[in-house]
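Encoded as structure tokens, the structure appears first; notes follow it.
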Amino acid sequence: MMEHLPVLVVIIPLIGAYTSLVGGWVDRRYAFPIAFINILTQFTAALLLTVRVMQEGVVRYNLGDWLPPWGIEYVVDRLNIYVLLILLFLSLLCCAYSKRSIGMEIEERKHTGFYTIFLLLVAGVTGITVTGDIFNLYVFLEISSLAAYTLVSSGRGGKGLVAGFNYLVMGSVSACFILLGIGHLYMLTGTLNMADLARVLPPLYTSTTLHTAFVFFIVGLSIKTALFPLHLWLPDAYTHAPSTVSALLSTVVSKMGVYATIRILFSVFTVEFVVGYFPVMEFLSWLAAIAIIAGSLLAIAQRDLKRMLAYSSVGQMGYILLGVGMVNQLAMTGGILHMLNHAVMKGCLFMVAGAFIFRTGFRRIDDLKGMGKRMPWTSAALVIGALSMIGIPPTVGFMSKWYLALGAIEAGQWVFLAVILASSLLSAVYFWRLLEYVYFREGEGGVEGGTGDVPLPMLIPMLVLAAACLLFGIFVSIPLSLIDPVAESLLGGV
Amino acid sequence: MIEDLFPLLLTRYNYYMAVIIMMIGLYAMIAKSNLVKKIIGLNIFQTAIFLFYISIADVRGGTAPILIEGSNALYVNPVPHVLILTAIVVSVSTTAVALSLVIRIHREYRTVEEEDLMRMEGGSG
């Protein structure tokens, strides 16, 4: 059992998808518990896998006992396990949250299908994190993306459909670019195994074909991670998706894109290539810096709460890529730490937005007057999430910005340091406005929708994430103990 | 210079064809307002990549990779074919999801023209 863990974490949700479908046919109420128990089992398996990774360093698994590089190999190292734990923890909370949240937003007869596709998405993102084969990565990317398109358009009303369609077109084009990149790599080397590629590529670093492949990868992955200016599908998709799906997209789906980018940049192509032979990191960092500022400015201009959070996500993805792009230990630590932080904070905030919509139906920030009194716990979670987004100690958002700033100083990139500080101010602008409406403006009496917080299944995931914002901020050494060796091994060549 | 160009074009025309077909698909995705035509564009785009993969698998004088005892035939590389079988499955599922979305969009708005959709969405906020 233990030696099959790397593949089990992928198979459990795949089986779960079909069990919840069959369970849902028997009785619609069975779909949720089956899905939840499944992700819980998967999370437990991931924890067991973590123990193994901690003991052995790298866990390898040959699928069907075919030896690499011919067969598909699953490789789990510290980076994988770190991302895997974030993804599964957030999926688990989103799943718990969805039980009540989708009641209003998705038609009753579609609930079974919702959980089935939810589990397929989880299977896809898990597969991306554990696989060591580049074509396998493409297939899992498509599984999770297809599930994501469907989930975005699963709500009531037509806007989600159009947003889902645009997301599908952009996402498919990006997947095609990645496929082309894989094709070029295969043409050049005849192998698809990541470790093998990293081994055979160095003599070919000056090859034009390799450069073409690399550009295809960068463009494709930039669309998937919604790096500015290729973010155009994101705001609509996040805004019009059901709340629980928005939380899932902003935490799980976006992280998987970032993970794939880091993997391909540093494990397939190496630091030596991206810095020395094809100096793209400088370009990526500048793009990320523009994304941070543009995302924050666009967020300030928004009146719709979810749309504001969506634009702020564009900026936050910029932070992660900026950390990766500066290519030094401190910045890399900051960037990878920010993957956890962004998942925790944005998940919390999207759940709060969903809770406001669930209770009152209000989406616009202006309508949220006096919510602090009406929904005290939800608003408390909002405050912690917002403070963490701005980066006020002791929340977790402060820690990653701290490392990013240190990294910028070490790299001597004063512009990036200014960008990090300026964007903190900008996010303070849009979050203070939100907090002002929620706490300091009086709501009109006799509003519809009733008062009181949302039901416990929605409140608990929100509060867990809010608590995580504080706990990871205070005990930041726990994630850092995992991240430090990761950053070191990724930068191994420098 | 020009003399060099012709062999270049002739020996590598499979790549040029793939790029041309790809651009036709991309053009359809960008320029067409009809959502179904966008999906067709996407399919053309994907087909170009399939052809690209298949063409790189070819070995001159190679035959289908079926192992026969005792023969030392030259085989074409089967791996890209297998990869593309998977990619075709992905492409078919993408098309299926896209078409089902178009059907629901049509039910909701009674149109599949992007221009009309934008006008309607703009009107309702």
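FYI, it's all coordinate maths here, none of it is from the lab. As the structure is a computational prediction, the values presented were derived from the model and not from experiment. FYI the Cβ positions are ideal-geometry reconstructions off the backbone, even for glycines, and counts take in every protein chain you see.
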Worksheet entry | Single residue of region B:58-88 satisfying the filter (facing chain A (nearest Cβ under 8 Å) and touching a Phe, Trp or Tyr at 6+ places or on another chain (Cβ under 7 Å)) that is surrounded by the most Cβ atoms within 10 Å (Cβ to Cβ) | B:Ala87
Worksheet item: Can you name the number of the only condition in (1) in contact (Cβ under 8 Å) with a residue 24 or more places away in the chain; (2) more than 10 Å from chain B (Cβ to nearest Cβ) that A:Thr189 fails?
Response: (1)
Worksheet item: Under 8 Å by Cβ, and 6 or more places apart or on different chains, what pairs join a residue from region A:14-34 that is within 15 Å of A:Ile102 (Cβ to Cβ) with one that is surrounded by 13 or more Cβ atoms within 10 Å (Cβ to Cβ) and charged (D, E, K, R)?
Response: A:Phe32/A:Lys99
Worksheet item: How many residues are without any contact (Cβ under 8 Å) to a residue 24 or more places away in the chain and closer than 23 Å to B:Thr47 by Cα when one looks only at region A:147-168?
Response: 3
Discussion item. Which condition from (1) in a helix (DSSP H, G or I); (2) within 11 Å of chain B (Cβ to nearest Cβ) is the one that A:Pro235 breaks?
Written reply: (2)
Worksheet item: Any idea which residue in region A:352-364 is surrounded by the fewest Cβ atoms within 10 Å (Cβ to Cβ), counting only those that are under 21 Å from A:Leu465 (Cβ atoms) and hydrophobic (A, V, I, L, M, F, W, C)?
Response: A:Ile357
Discussion item. Can you find a residue that is under 20 Å from the mean Cα position of the chain (by Cα) and under 30 Å from A:Asp453 (Cα atoms) anywhere in region A:284-300?
Written reply: yes
Worksheet entry | Residues satisfying the stated conditions in region B:1-27, i.e. among the hydrophobic types (A, V, I, L, M, F, W, C), under 15 Å from the mean Cα position of the chain (by Cα) and more than 11 Å from chain A (Cβ to nearest Cβ) | B:Met17, B:Ile20, B:Ile21, B:Met23, B:Ile24
Practice prompt. Please work out which residue is surrounded by the most Cβ atoms within 10 Å (Cβ to Cβ), limiting yourself to region A:169-184 and to residues that are facing another protein chain (nearest Cβ under 9 Å), of a type in the set (Gly, Ala, Ser) and free of Cβ contacts under 8 Å to residues at least 60 places away in the same chain.
Written response: A:Ser172
Item to complete: Output the qualifying pairs, or none if there are none: Cβ atoms under 7 angstrom, residues six or more apart or on different chains, first residue in region A:37-59 and over 15 Å from A:Ile86 (Cβ atoms), second residue among the hydroxyl-bearing types (Ser, Thr, Tyr) and assigned to a helix (DSSP H, G or I).
Response: none
Worksheet, complete the sentence: Listed by first then second residue, the pairs whose first member lies in region B:34-57 and is within 9 Å of chain A (Cβ to nearest Cβ), whose partner is surrounded by fewer than 19 Cβ atoms within 10 Å (Cβ to Cβ) and among the acidic types (Asp, Glu), with beta carbons under 8 Å and at least 6 positions apart or on separate chains, are B:Leu35/B:Glu113; B:Leu35/B:Glu114; B:Lys38/B:Glu114
Practice prompt. Please tell me if A:Ala198 is surrounded by fewer than 24 Cβ atoms within 10 Å (Cβ to Cβ) and over 21 Å from the mean Cα position of the chain (by Cα).
Written response: yes
